[in-house]
Amino acid sequence: MFGRRSNSEVQTRPGAAPAAAAAAVKAPEPKAATAKPSSAPAARPPEPVQQRRHSEEYYDVKTTVFNALIDTIDLTQLAKLDGQAAREEIRDIVGEIIQVKNVVMSISEQEELLEDICNDVLGYGPLEPLLARDDIADIMVNGANTTYIEVSGKVQKTGVHFADNQQLMNICQRIVSQVGRRVDEASPICDARLPDGSRVNVIAPPLAIDGPALTIRKFKKDRLTLDQLQRYGSISEQAKAVLQVIGRVRCNILISGGTGSGKTTLLNCMTSCIENDERIITCEDSAELQLQQPHVVRLETRPPNLEGEGEITMRDLVKNCLRMRPERIIVGEVRGPEAFDLLQAMNTGHDGSMGTLHANSPREAISRLESMIMMGGYNLPVRTIREMVAGSIDIIIQASRLRDGSRKVTHITEVVGMEGDTVTLQNLIVFEITGDDPNGRLVGRHRSTGIARPAFWERAQYYKEEGRLAEALSAAELVDANGNPLGDN
Ligand SMILES: Nc1ncnc2c1ncn2[C@@H]1O[C@H](COP(=O)(O)OP(=O)(O)OP(=O)(O)O)[C@@H](O)[C@H]1O
Ligand SMILES: [Mg+2]
């Protein structure tokens, strides 16, 4: 059989497990410690989030079988097999071990044991069942015994837990080593990506006091589209049409929102308005965008190595991409001095560039941009910075996660210019909350503020999109400047 060290009788040799195996397994421990479940049994969809706890006996058997398996197989060879073949290999050996050791187990218990062991050897242990679920947005592990997930906008606690913080740390290590990084006491903060594209952050002790904290933003296989956002009620049909026009006519766009409000998702949706013949360059800290166009160059920042060298910042990327003949520059998240370079790019012929930024309102987005530039040490007068902002950004789209967990586009706002020392903004569409339904869901509407001819009207005319724009804006119900409905209701 492939991957075996020997065909001799299977023996348990505690303590002989190779390092990689030790990463996955709970080492043989005194009985009292084994009482703590070491892995997450099948908490798969659509099962409830609660994890089934096995008996102490089950964990004892698992430890014994696991150690015997580790002594039997050659993990380096196993790693060369594809997932399915490796599972089959493990299945065969585990079956033999169970026979040799005379373990009495029902078929279903055996299946569970096998699944658990495969997850520990090949994957991310107790996280596997959560990673397999498509309905989870975030997985948040706060030390070995506490794991939360976000499902349908709501954060809920799961029964998933790890044998101990060491097992959790080993899994974190395995995740980050796949992208050539390391996490330990010496470098306790690390960003990484799972092979499926999920974004990962690890912060380890001593910085995380109660054990490693692992946060995973699950990658959605089926990326959300503007049509889906409309179906979910995140935007109205008219707001969608306005966004499509904005993307198509090459407005410079800033997507603003709080953490997890849906900024990246919205940015991804907006990129769908870009034509196939445009050269697009994306700059991200962790590549999350999934552009559908053929002509895309994807760039990713790099953290410094252990000696503190080799860092490539977002600013380096944005500056460099100006030399790459971009037609559109997309910045995953603007959070520092690269704001200046992005605005310059927007000002100098790279119309239709886009970026996201953390802010709670369009007005706050403007002042965040301003302070990023000021803190970048450019030594420019505030007024010059504001003029630059007003001259570069055309549209701010505000994303929000509301108190019922739903995500909405709450503002589509134009940057129209300067009045005195202030950047003037003009809302085109706002989301107005009208109440709660009996299930605790917020009810509301996207309304046009009554601006019939936005500042980018001429641009829309140039691209022959003014008809669609006028129609969408007039179809959205009118509200006054304070968001109150004008007219009959
Ligand atoms: N309109 C929406 N309706 C339902 N789910 C959404 C919507 N927008 C985003 N999501 C989901 O919410 C999660 C967070 O979205 P996203 O990554 O876009 O947020 P973000 O604001 O970029 O977060 P961060 O600040 O962490 O970068 C994702 O799982 C995404 O699929
Ligand atoms: Mg994001």
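Using helices alone, I'd like the mean residue ellipticity at 222 nm for the chain: each DSSP H run of four-plus residues gives -39500 (n - 2.57), total over residue count, nearest 500. Could the numbers behind the result be given before it?
Details: 17 runs with 170 residues, N = 489.
Computed mean residue ellipticity for the chain: -10000 deg cm²/dmol.
Answer with one residue from Ser361, Trp457, Gly262: the one whose Cα lies farthest towards the positive end of the charge dipole of the chain, charges on Cβ with Lys, Arg +1 and Asp, Glu -1.
In the chain, that residue is Trp457.
Mind checking the dipole of the range 312-451: about its Cα centre, +1 per Lys or Arg Cβ, -1 per Asp or Glu Cβ, Debye to the nearest 20? Before the final figure, lay out the partial values.
On the way: 17 positive and 17 negative charges, 63 e Å.
My answer is approximately 300 debye.
Below 12 angstrom from the Cβ of Asp341, what's the summed charge of the other residues (Lys, Arg +1; Asp, Glu -1)? Write down the numbers at each step before the final one.
Details: positive: Arg315, Lys319, Arg323; negative: Asp316, Glu338.
Surrounding charge for Asp341 is +1.
Towards the positive end of the charge dipole of the chain, with charges on Cβ (+1 Lys, Arg; -1 Asp, Glu), say which of Gly405, Met418, Asn252 has the farthest Cα.
Checking the options against the dipole of the chain, the answer is Met418.
Taking the Cα centre as origin and putting +1 on Lys and Arg beta-carbons and -1 on Asp and Glu beta-carbons, what dipole magnitude results for the range 281-359, to the nearest 20 debye? Walk me through the numbers before you get to the answer.
Values: 8 positive and 13 negative charges, 64 e Å.
The calculated dipole for the range 281-359 is roughly 300 debye.
Based on the Cβ-Cβ distance from Asp227 to Asn102, what FRET efficiency comes out when R0 is 45 Å, to the nearest 0.05? All intermediate terms of the calculation are to be shown ahead of the outcome.
Details: r = 59 Å, r/R0 = 1.30.
The formula returns an efficiency of 0.15 here.
Roughly what angle does helix 237-248 make with the longest principal axis of the chain, taking Cα atoms, 0 to 90 degrees, to the nearest 10?
80
Beyond a 23 Å Cα-Cα separation, which of these cross-linked pairs lie in this structure: Lys221/Lys408; Lys157/Lys220; Lys221/Lys319; Lys220/Lys408; Lys80/Lys101; Lys218/Lys408?
Where the Cα-Cα span goes over 23 Å, the pairs concerned are Lys221/Lys319; Lys80/Lys101.
Report the charge-dipole magnitude of the chain in Debye, nearest 20, computed about the Cα centre from +1 at each Lys and Arg Cβ and -1 at each Asp and Glu Cβ.
Working: 56 positive and 67 negative charges, 70 e Å.
With only Lys, Arg, Asp and Glu charged at Cβ, the dipole is about 340 debye.
Roughly what would the spin-label model give for Arg174 and Ala452, points 7 Å off Cα along C-beta, in nm?
About 6.5 nm separates the two model spin labels.
Where a number appears in this text, it was derived from the coordinates with a stated rule and is not lab data. All figures in this text were calculated on a predicted structure; none of them were measured in a lab. So basically every Cβ, Gly included, is an ideal-geometry build from the backbone, and we count neighbours across all protein chains shown.
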